[in-house]
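Chemist: Quick one: the structure is below, and I'll ask about it shortly.
The values are calculated or read from the model by the stated rules, or taken from the named source; none is laboratory data. All values reported here derive from a predicted model rather than from experimental measurement. Cβ placement follows ideal geometry from the backbone for every residue including glycine, while neighbour counts extend to all protein chains displayed. To get the accessible areas, we keep the full protein, side chains included, count just its heavy atoms, and leave off ligands, DNA and RNA. Shrake-Rupley method; radii C 1.70, N 1.55, O 1.52, S 1.80 Å.
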Amino acid sequence: MISVAGAQQNELLRALSRTDLEALFPHLELVPMAAGKHLYDFGSKFDYAYFPTNAIVSLMYVMEDGATTEIGVVGREGVLGVAMYEAERATCSAVVQTAGYAYRLKSSVLRELVASGGAMAQLLMRYTFAMFAQLAQNVVGGRHCTIEQKLCRWLLDRLDRSLSDEIKVTQDTMATMLGVRRETITMTARKLQADGLIQYRRGTVAILDRAGLEDCAGTCYRAGKIGFEQMHATAWSNA
């Protein structure tokens, strides 16, 4: 059963007027998102677009040798699997990192909405700009930020999309996402814990000092948020 309150847990859907949102109800489906589930992989066709509520999804680039690096992250602020034309194929893999739920919409329905030039089309254009800013900052950060800054930003990105101050994640996962050795994550996490910013227990990172974590991440984190802040301010003022 789709409800306004439920759908509005996703911020893009929340930015729609009630009339536009309720018009989507016959096409929306609430689906569970299990950790580790692949929504799509490189080269695959987009059958659905997903609007997460409490799930967090990593956009992963897989090299020919099997090495993986996270290039982006999507949670309740956004959408995955948007295909503007029928023959479009995925350029990365989308893997659920934090289990939860999402509303999914058939790609064909979303294309019709975009073609109509209504509110959803405008929202997706703003979201594309915000995602481009995130991806650009990932490239810059990968070259110029320290591993400490990268880990702080990675944790903050999850915190922004989480409903609690605890993040369920292993050091192996963090190492894979950041493209570094596990030992590097271990040493960096120990330093952040010694500084009173986090507390790490096996499989769980508790954020103790968000402001301190943001200071540590510096522009590596703040620059990537600007696009989403602008998108939300504009979208909600027009809703």
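Chemist: Taking the stated definitions as given, is L178 at pLDDT 80 or above, in contact with a Lys or Arg (Cβ under 9 Å, 6 or more places away or on another chain), closer than 21 Å to E70 by Cα and open to solvent by 30 Å² or more (accessible area, probe 1.4 Å)?
Modeler: Considered against the rule, which asks whether it is at pLDDT 80 or above, in contact with a Lys or Arg (Cβ under 9 Å, 6 or more places away or on another chain), closer than 21 Å to E70 by Cα and open to solvent by 30 Å² or more (accessible area, probe 1.4 Å), L178 comes out as yes.
Chemist: Now a separate question. Go through the range 57-93 and count every residue that is on the phi < 0 side of the Ramachandran plot, open to solvent by less than 20 Å² (accessible area, probe 1.4 Å) and in contact with a Phe, Trp or Tyr (Cβ under 7 Å, 6 or more places away or on another chain).
Modeler: Number of matching residues: 8.
Chemist: Right, next: Tally time: how many residues in the range 185-199 are crowded, with 18+ Cβ neighbours inside 10 Å and either not aliphatic (A, V, I, L, M) or not in a helix (DSSP H, G or I) (or both)? I'd like the intermediate steps shown before the answer.
Modeler: Just the residues of the range 185-199 that are crowded, with 18+ Cβ neighbours inside 10 Å, to begin with: 185, 188-189, 192, 197-198.
Filter again for either not aliphatic (A, V, I, L, M) or not in a helix (DSSP H, G or I) (or both), leaving 188, 197-198.
Total satisfying the criteria: 3.
Chemist: Further question on the same structure: Are any residues in the range 211-225 loosely packed, with under 14 Cβ neighbours inside 10 Å and either closer than 16 Å to C145 by Cβ or not hydrophobic (A, V, I, L, M, F, W, C) (or both), and if so, which ones? Spell out how you get there, then give the answer.
Modeler: Of the range 211-225, the ones loosely packed, with under 14 Cβ neighbours inside 10 Å are 211, 215.
The one that is loosely packed, with under 14 Cβ neighbours inside 10 Å and either closer than 16 Å to C145 by Cβ or not hydrophobic (A, V, I, L, M, F, W, C) (or both): D215.
Chemist: Same structure again: Which condition number in (1) of a type in the set (A, V, I, L, M); (2) part of a strand (DSSP E or B); (3) open to solvent by 30 Å² or more (accessible area, probe 1.4 Å) is the one that V96 fails?
Modeler: Only one criterion in (1) of a type in the set (A, V, I, L, M); (2) part of a strand (DSSP E or B); (3) open to solvent by 30 Å² or more (accessible area, probe 1.4 Å) is unmet by V96, namely (3).
Chemist: While we're here: Within the range 42-88, how many residues turn out to be under 16 Å from the mean Cα position of the chain (by Cα), of a type outside the set (S, T, N, Q) and not in a strand (DSSP E or B)?
Modeler: Of the residues in the range 42-88, the ones under 16 Å from the mean Cα position of the chain (by Cα) are 49-61, 69-82.
Keeping just the survivors that are of a type outside the set (S, T, N, Q) gives 49-52, 55-57, 59-61, 70-82.
The next check asks that each one be not in a strand (DSSP E or B); those that pass are 55, 75-79, 81-82.
So the answer is 8.
Chemist: Quick one: count up the residues across the range 102-121 that are in contact with a Ser or Thr (Cβ under 9 Å, 6 or more places away or on another chain) and either surrounded by fewer than 19 Cβ atoms within 10 Å (Cβ to Cβ) or at pLDDT below 95 (or both).
Modeler: 1
Chemist: What do you reckon, is E148 in contact with a Ser or Thr (Cβ under 6 Å, 6 or more places away or on another chain), surrounded by 15 or more Cβ atoms within 10 Å (Cβ to Cβ), in contact (Cβ under 8 Å) with a residue 60 or more places away in the chain and not in a strand (DSSP E or B)?
Modeler: Here the answer is yes, as E148 does meet what is asked.
Chemist: Could you identify the single residue in E112, E77 that is farther than 19 Å from T170 by Cβ, touching a His at 6+ places or on another chain (Cβ under 9 Å) and not small (G, A, S)? Give the derivation first.
Modeler: On the way: E112 fails: touching a His at 6+ places or on another chain (Cβ under 9 Å).
Unique residue meeting the criteria: E77.
Chemist: Is there any pair linking a residue in the range 22-45 that is touching a residue at least 40 places away in the same chain (Cβ under 8 Å) and open to solvent by 60 Å² or more (accessible area, probe 1.4 Å) to one that is among the charged types (D, E, K, R) and assigned to a strand (DSSP E or B), with Cβ under 6 Å and at least six apart or on different chains, and which?
Modeler: E29/R104
Chemist: Quick check on the range 48-60. Is at least one of its residues free of Cβ contacts under 8 Å to residues at least 12 places away in the same chain and closer than 22 Å to T128 by Cβ? Working first, answer last.
Modeler: Narrowing the range 48-60 to residues free of Cβ contacts under 8 Å to residues at least 12 places away in the same chain: none.
No, that holds for no residue.
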